[in-house]
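Read through the structure below, which is laid out as structure tokens, and then see the notes.
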């Protein structure tokens, strides 16, 4: 089937889109991919929904703004896809299924015997009505309800993507978005995956908080700064890094307070070092070494991040493009693939990726 996948990351930069032809097992063909920048109106509403989500007390009704935000996100997806399909000589009848991740505004891992909470906003029913196509969405809720972390979900696609490229185990795939996560494939169908720590998210919040833009474009601030190793050690003392995998994060789980006395350039360099050390710890935790690590997500565009990873890891560090992958579209492709698996009733989360007891199906499909 031909599936259109959507992803909107916590950077609030754009709606990413990609088309796959897949049966949820193998990838038969790669269709077009692209993005459309989020409108300022949607971005502002999502930021406010995120702010309210951070103060949402467990057991109380969800913030009223969630409903409005979900509708705006659906409308944003529709507008993005309309232009995308037109530019690629496609129309809605050409699409068999849509996979919409939705906009994450809150993620809380299981703790002290309590199940986790995770919120991805996007009105699947509205998107189905607008497009006239079935929409798979709400991919994380079932996993969390079963005691899983709810993240990461892309690992099963990472495996399919590696196999489609003829790559062999042992291999690691590192995605650096707002949070960084890694998939380790050591052979067969077995995967180990977890969040390694903050990715671009803390750097984005730092730059935005200092009124210096939305992100450190090209690592320009970090490139002229010096990492404060004392602050890096303090950040690494967070209990998350001692917790065994599987484990997951929200981009707001770490505070910028320790960086307040540092000038912007040094603070940016410190966060790059912190992110890279988190990845190194992840490799140390697993114990086995892959033959290489393939980096995808926005973080690979930051030369300082790539240099920091190369300096700390004992295996070759390559970008998605080195293998002919579309590094900015991997997660949109992943949710096209997960939508197909949902349609086929195939599992999307696994004991080694989210900590569920057994492989689990997930997602819901709503029809127009």
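The values are calculated or read from the model by the stated rules, or taken from the named source; none is laboratory data. Predicted model, so just to flag it, every value in this text is computed and none were measured. Every residue, glycine among them, receives a Cβ derived from its backbone with ideal geometry; neighbour counts consider all protein chains shown.
Return the only residue of 141, 131, 104 being surrounded by fewer than 18 Cβ atoms within 10 Å (Cβ to Cβ) and in contact (Cβ under 8 Å) with a residue 60 or more places away in the chain. Unique residue meeting the criteria: 141. Applying the set (1) surrounded by fewer than 21 Cβ atoms within 10 Å (Cβ to Cβ); (2) at negative phi; (3) more than 19 Å from the chain's Cα centre (by Cα) to residue 59 leaves exactly one unmet item: (2).
All conditions in (1) modelled with pLDDT of 95 or more; (2) part of a loop (DSSP other than H, G, I, E, B); (3) closer than 30 Å to residue 53 by Cβ hold for residue 273, with the sole exception of (2). Condition check: surrounded by 19 or more Cβ atoms within 10 Å (Cβ to Cβ), more than 26 Å from residue 347 (Cα to Cα), under 21 Å from the mean Cα position of the chain (by Cα) and in contact (Cβ under 8 Å) with a residue 40 or more places away in the chain. Does residue 10 satisfy that? Judged against the criteria, residue 10 is not a match. Within the set 310, 314, 342, the sole residue that is in contact with a strand residue (DSSP E or B) (Cβ under 6 Å, 6 or more places away or on another chain), touching a residue at least 24 places away in the same chain (Cβ under 8 Å) and either in the same structural domain as residue 221 (by TED's automatic domain parsing) or surrounded by 20 or more Cβ atoms within 10 Å (Cβ to Cβ) (or both) turns out to be 342. The single residue among 15, 46, 19 that is crowded, with 19+ Cβ neighbours inside 10 Å, at pLDDT 95 or above and over 19 Å from residue 123 (Cα atoms) turns out to be 19. Counting only residues that are in a helix (DSSP H, G or I) and in contact (Cβ under 8 Å) with a residue 12 or more places away in the chain, which one in segment 298-307 is surrounded by the fewest Cβ atoms within 10 Å (Cβ to Cβ)? Result: 303. Of the candidates 131, 118, the single residue that is over 23 Å from residue 351 (Cα atoms) and in contact with a strand residue (DSSP E or B) (Cβ under 7 Å, 6 or more places away or on another chain) is 131.
For segment 231-279, the set of residues classified as farther than 23 Å from residue 302 by Cα and free of Cβ contacts under 8 Å to residues at least 24 places away in the same chain consists of 237, 238, 239, 242, 243, 257, 261, listed by residue number.
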